[in-house]
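Notes for the one structure printed next.
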Amino acid sequence: MHITNPQKTFKPKKSVFYTITTNLTFWVLIAIIAGILLGHFSPENGVKMEMLGKRFIDIIKLFIGPIIFLTIVLGISGMGNLKKVGRIGIKALGYFEVVSTVALAIGVAVAYFFKPGKIDRSGLTFGDASQYTKGTAEHFSWLQFFFSNFTLQVLVAAIVCGITLNFYKKREQTILVLERFSKVVFTGLKYVMYLAPIGAFGGMAYTIGKFGLGTMIPLGKLMLCVYLTMALFVFLVLGSILKYYKISILSILKYIKEELLLVLGTSSSEAALPSIMMKLEQMGCSKSVVGLVIPTGYSFNLDGTSIYLSMSVIFLAQLYDVHLSFFEILSIIGILMITSKGAAGVTGSGFIVLASTLTALHKIPVEGLAFLLGVDKFMSEARAITNLIGNTVATIVISKSEHDFTELNLDPVLEE
């Protein structure tokens, strides 16, 4: 005879409507659609919504410094093995260079195969590219790159503090204080993320209102090529890397769907930086690996940006009927391997990198950048999303290779 346990309580099953309407992803998606509609049917009001998107990103940026600093300091001081810190850093930079070079090569290959630049120039609209073409003869400066990159500055400061803390007599007490402060910061971030739909709405309404869906038509072929290439890179290249570790790329994309939608709405991968670090730790990646790989990746692992830059150079060459030899194509990839590292964290820096690359080649008119200005905003979402996915995969790979991955059953992420 089966006897039920009277003490066992059963939670009532939540309705599908309740589950959907209490999901942040749902509201971000609704906000994006509403932003598109407002920007398209009332452009003047759509442009006014820019403030909402900007203010949300400004609030998120307040959390970036403390979260990077606390995560790295606690990760290094808790690791107790400084050799491991150096090994993770070298391994991450090596991975970034290989994968971003593959991204550059794929961008060139797809551009040559589909020839998006083989169109009539007379039908294109010009933008003012003068602000990006000034001073392009200047050489790339690592010092300038460092001082203009807040994330990198915090990363270096945190590494120094984390290493120093290992030798401090009151290390244990300091770690406890930092852990309490870390909990406060992440709790604050949790509540700020409820504003994500407002930020996504403002960002999307401004983009559509300012540039209009009609600007996509003349350069539609280039846009399709960029989005197709980034999809190929994510599912074939990054998917194959994850498959080696028996992880599904689709499961990862599902796990970070909120961050992806947030980046889509705001066109900024920075908007998702704090929350992606939190998600990766929850997934099972160690705090030390997340702290070192994500901030470094935001400066050195820009896969989406690499694809866009290489495709844009080939696009402009085709637009002006400029023949590039095999050696010149290799030179483009080589130049972009260095200059693309400067395309992080500064508005318009992608155009400055393109201008510098075109100037170094002395074959493709720098003025051609004016053709890209109108449609660039619609491709920035693809760049930011691909950059985010690339850094997420990099963190998982480095964690796995370090055997520093606790396989938690979240959502579930793993195929196994």
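The values are calculated or read from the model by the stated rules, or taken from the named source; none is laboratory data. This one's a predicted model, so the numbers in the text were calculated from it and none came from an experiment. So basically every Cβ, Gly included, is an ideal-geometry build from the backbone, and we count neighbours across all protein chains shown. SASA here: full protein model, heavy atoms, side chains in, ligands and nucleic acids out. Shrake-Rupley method; radii C 1.70, N 1.55, O 1.52, S 1.80 Å.
The simple spin-label model puts a point 7 Å past each Cα toward its Cβ; for THR19 and SER325 those points are separated by 6.2 nm. Values (1) 165; (2) 178; (3) 131 are given for comparison; volume of the Cα convex hull per residue in Å³, derived from the coordinates here, is the one labelled (2). Ordering 230-242, 288-300 by mean Cβ neighbour count within 10 Å, with the highest value first, yields 288-300, 230-242. Of PHE41, PHE315, PHE211, the residue with the greatest mean-square motion in the GNM of the chain, using alpha carbon springs below 10 Å, is PHE41. Using a Gaussian network model of the chain in which every pair of alpha carbons under 10 angstrom is joined by a spring, one finds that among LEU358, LEU74, LEU37 the greatest mean-square fluctuation is at LEU37. Taking Lys and Arg as +1 and Asp and Glu as -1, the other residues whose beta-carbon sits under 13 Å from that of ILE198 total 0. Model label sites at GLU97 and LEU224, defined 7 Å from Cα along the beta-carbon direction, differ in position by 3.8 nm. In a simple Cβ point-charge model (Lys, Arg +1; Asp, Glu -1; nothing else charged), the chain has a dipole of about 1060 debye relative to its Cα centre.
Our coupling estimate for segment 310-325, obtained by passing each phi through the Karplus curve with A = 6.51, B = -1.76, C = 1.60 and θ = phi - 60°, is 5, 5, 5, 5, 5, 4, 5, 4, 5, 4, 9, 6, 9, 7, 10, 6 Hz, Gly and Pro reported as x. Rank VAL263, ILE249, LEU224 by how far each Cα sits towards the positive end of the charge dipole of segment 194-265 (+1 on Lys, Arg Cβ; -1 on Asp, Glu Cβ) and give me just the farthest. The residue sitting most towards the positive pole is ILE249.
Each Lys and Arg adds +1 at its Cβ and each Asp and Glu adds -1 at its Cβ; summed about the Cα centre, segment 221-348 shows a dipole of about 400 debye.
Translational diffusion coefficient of segment 152-260 (Stokes-Einstein, Kirkwood radius from Cα pairs, 20 °C, 1.002 mPa s): 112 µm²/s. Taking a Cβ cut-off of under 12 Å around VAL177, the surrounding Lys, Arg, Asp and Glu residues balance to a net charge of +2, with basic ones at +1 and acidic ones at -1.
For segment 151-224, the Cβ-based charge dipole about the Cα centre amounts to some 120 debye (Lys, Arg positive; Asp, Glu negative; other atoms uncharged). Extension gain, LEU232 to SER42, is 64.9 nm, computed as 0.36 nm per intervening residue step minus the present C-alpha separation.
Extension gain for ASN166-GLU402 works out to 82.9 nm (0.36 nm per residue, less the C-alpha to C-alpha distance). In this rough spin-label picture, where each label sits 7 Å from Cα along the Cβ direction, the LYS210-LYS61 distance is 1.4 nm.
Projecting the Cα atoms of GLY35, ILE60, ASN45 onto the charge dipole of segment 31-89 (Cβ charges, centred on the Cα centre) puts ILE60 farthest toward the positive pole. A straight line joining the Cα centroids of segment 172-226 and segment 279-329 runs 19 Å.
The phi torsions of segment 216-230, fed into the Karplus equation with coefficients 6.51, -1.76 and 1.60 and a -60° offset, translate into couplings of 6, 4, x, 10, x, 5, 5, 4, 4, 5, 5, 5, 5, 5, 5 Hz, rounded to whole numbers, with Gly and Pro shown as x. On the basis of the beta-carbon distance and an R0 of 56 Å, THR187 and THR359 show a calculated FRET efficiency of 0.70.
Length available on full extension from LYS118 to LYS257: 0.36 nm per residue minus the Cα-Cα distance, which gives 46.5 nm. Between SER269, SER15, SER310, the GNM of the chain built on Cα springs shorter than 10 angstrom shows SER15 fluctuating the most.
Each Cα pair under 8 Å and six or more residues apart adds its sequence gap; the mean of these over the residue count of the chain is a relative contact order of 32 percent. Projecting the Cα atoms of MET278, SER340, SER325 onto the charge dipole of segment 233-354 (Cβ charges, centred on the Cα centre) puts MET278 farthest toward the positive pole. Across segment 375-386, coupling constants 3J(HN,Hα) worked out from phi with the 6.51/-1.76/1.60 Karplus curve, θ = phi - 60°, read 9, 4, 4, 6, 9, 5, 4, 4, 4, 5, 5, 5 Hz, and Gly and Pro carry x. Leaving ligands, DNA and RNA out of it, report the carbon-plus-sulfur percent of the accessible area of the chain at a 1.4 Å probe. Whole-percent figure for carbon plus sulfur exposure: 66.
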